[in-house]
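**Q** Starting off with a structure, shown below.
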Amino acid sequence: MLTIDIVSDVVCPWCYIGKRRLEAALADLRQARPDLPVAIRWLPYFLNPDTPPQGEPYRPFLEAKFGGPEKLAETWARLREAGNSVGINFAFERIEVRANTLAAHRLIHHMQRTLPQATKDLVEGLFMISFVEPRNLGDHEVLARIADAAGWDYQSALDFLAGDGEEEQVLALAERVQQMGVTSVPFFIFGGRLGVSGAQSPEILRQAMDQAIAGAAAND
């Protein structure tokens, strides 16, 4: 089995691009090795750990971060070009809130533990709502609708989000990721040993998969 740990945050546009590039690499791998099982695990990272629980206005924060409207426009242009190449139509101008993502990470953590088959659709839905059909990812009702579409019923998801279930586990995982030396996302760990930083091309990600598979075979 090939294991792939993905360290990301759902408000990180490069993480969305990296996800799509990984999917392209996996499609190529499955053509060559259709019988090889692959297990994917999402690990939490807080891109903006200082985000207030209620969120804050999106564009003013980014203009301050990147050095003004012109620099931000240049950044968005680069992201749009990269996004278009993997089928993502970023709608940055429609994003109103820079959301706190703790609740979203709790939802991912819970669903990949209890409904692993639904995690892929859940994560895709979170990225879609973050960047393509913008909603506030800090809103529990928004998150519960995404969970419902992925396979967990709306009310159960809403009840889970209303409490603090699995918050400690998520925060502990995020701290462990930092202790591993991960300082930017996306970050991929193949076979538990080979790390790749950034939204690399499908070709580079596929090479990393092959290296991880070869390394595991050599240790058997």
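**Q** About the Cα centre of the chain, what is the dipole size in debye to 20, counting +1 per Lys and Arg Cβ and -1 per Asp and Glu Cβ, all else neutral?
**A** On the way: 21 positive and 29 negative charges, 121 e Å.
Charge dipole, the chain, about its Cα centre: 580 debye, nearest 20.
**Q** Something else: Quick check of the Kirkwood formula: for the chain, what is the inverse mean of 1/r over all pairs of different Cα atoms, in Å?
**A** Evaluated on the chain, it is 18.1 Å.
**Q** Still on this structure, I have one more. Enter the accessible area per residue of segment 5-135 (Å², integer; probe 1.4 Å; all protein chains in place). Don't skip to the answer; put the middle values down first.
**A** On the way: 6300 Å² over 131 residues.
Accessible area per residue, segment 5-135: 48 Å².
**Q** Compactness ratio of segment 1-110: Cα Rg over 2.2 N^0.38 Å, N = residue count? Let's see the in-between values first.
**A** Numbers: Rg = 16.4 Å, N = 110, 2.2 N^0.38 = 13.1 Å.
It is 1.25.
**Q** Grab the Cα-Cα distance for Asn219 and Gln117, subtract it from 0.36 nm times how many residues apart they are, and report the gain in nm with one decimal.
**A** 33.8 nm
**Q** How many percent of the accessible area of segment 56-186 is carbon or sulfur, using a 1.4 Å probe? Don't jump to the answer; show the numbers that get you there.
**A** On the way: 3280 of 6750 Å².
Looking at segment 56-186 in its full context, I get 49 percent from C and S.
**Q** Right, something else. What is the spin-label model distance, in nm, from Ala64 to Gln211 if the labels are put 7 Å beyond Cα along the C-beta direction?
**A** 3.9 nm
**Q** Towards the positive end of the charge dipole of segment 88-204, with charges on Cβ (+1 Lys, Arg; -1 Asp, Glu), say which of Asn136, Gly163, Phe190 has the farthest Cα.
**A** Phe190
**Q** Still on this structure: Taking every pair of alpha-carbon atoms in segment 112-200, give the share separated by more than 21 Å as a whole percent.
**A** Everything past 21 Å amounts to 44 percent.
**Q** To the nearest 20 debye, what is the magnitude of the charge dipole of segment 119-199 about its Cα centre, counting +1 on the Cβ of each Lys and Arg and -1 on the Cβ of each Asp and Glu?
**A** 540 debye
**Q** Next up: Per q in 0.15, 0.18 Å⁻¹, report the Debye log10 I(q)/I(0) for segment 70-165, using one uniform scatterer on each alpha carbon and no solvent.
**A** Log10 I(q)/I(0), no solvent term: -0.61, -0.81.
**Q** Can I ask one more? Give me the Kirkwood hydrodynamic radius of segment 96-139, using the inverse of the mean 1/r over all pairs of distinct Cα atoms, in Å to one decimal. Present the calculation step by step, with values, prior to reporting the outcome.
**A** Working: mean 1/r = 0.0933 Å⁻¹.
Result for segment 96-139, one decimal place: 10.7 Å.
**Q** Run through segment 1-105 and list the GluC sites (Glu not before Pro) located in a DSSP loop whose Cβ has at most 13 other Cβ atoms within 10 Å. Write out the running numbers ahead of the final one.
**A** Values: sites: Glu23, Glu63, Glu70, Glu74, Glu81, Glu93, Glu96; in loops: Glu96.
Answer in residue order: Glu96.
**Q** Helix 202-219 against the longest principal axis of the chain: what's the angle in degrees, Cα atoms only, rounded to the nearest 10?
**A** That helix lies at roughly 50 degrees to the long axis.
**Q** Right, here's the next one. How much of the accessible area of segment 2-41, in percent, comes from carbon and sulfur atoms when a 1.4 Å probe is used?
**A** Working: 820 of 1650 Å².
Roughly 50 percent, rounded to a whole number.
**Q** When the chain is treated as a GNM, springs tying every alpha-carbon pair under 10 Å, which of Asp50, Asp28, Asp148 comes out with the largest mean-square fluctuation?
**A** Asp50
**Q** Counting only the backbone N, which residues of segment 1-33 are under 11 Å from the spot 7 Å out from the Cα of Val86 toward its beta-carbon?
**A** Counting only backbone N, you get 13-26.
**Q** Another question about this same structure. Could you run the Karplus curve 6.51 cos²θ - 1.76 cosθ + 1.60 with θ = phi - 60° over segment 150-164 and give me ³J(HN,Hα) per residue in whole Hz, x for Gly and Pro?
**A** Here the 3J(HN,Hα) series is 7, x, 10, 5, 3, 5, 5, 5, 5, 5, 4, 5, 5, x, 10 Hz.
The values are calculated or read from the model by the stated rules, or taken from the named source; none is laboratory data. The structure displayed is predicted, hence computed values, not measured ones. Note: ideal-geometry Cβ built from the backbone for every residue, glycine included; neighbour counts use all protein chains shown. The area values use the complete protein model at the heavy-atom level, side chains included, leaving out ligands, DNA and RNA. Shrake-Rupley method; radii C 1.70, N 1.55, O 1.52, S 1.80 Å.
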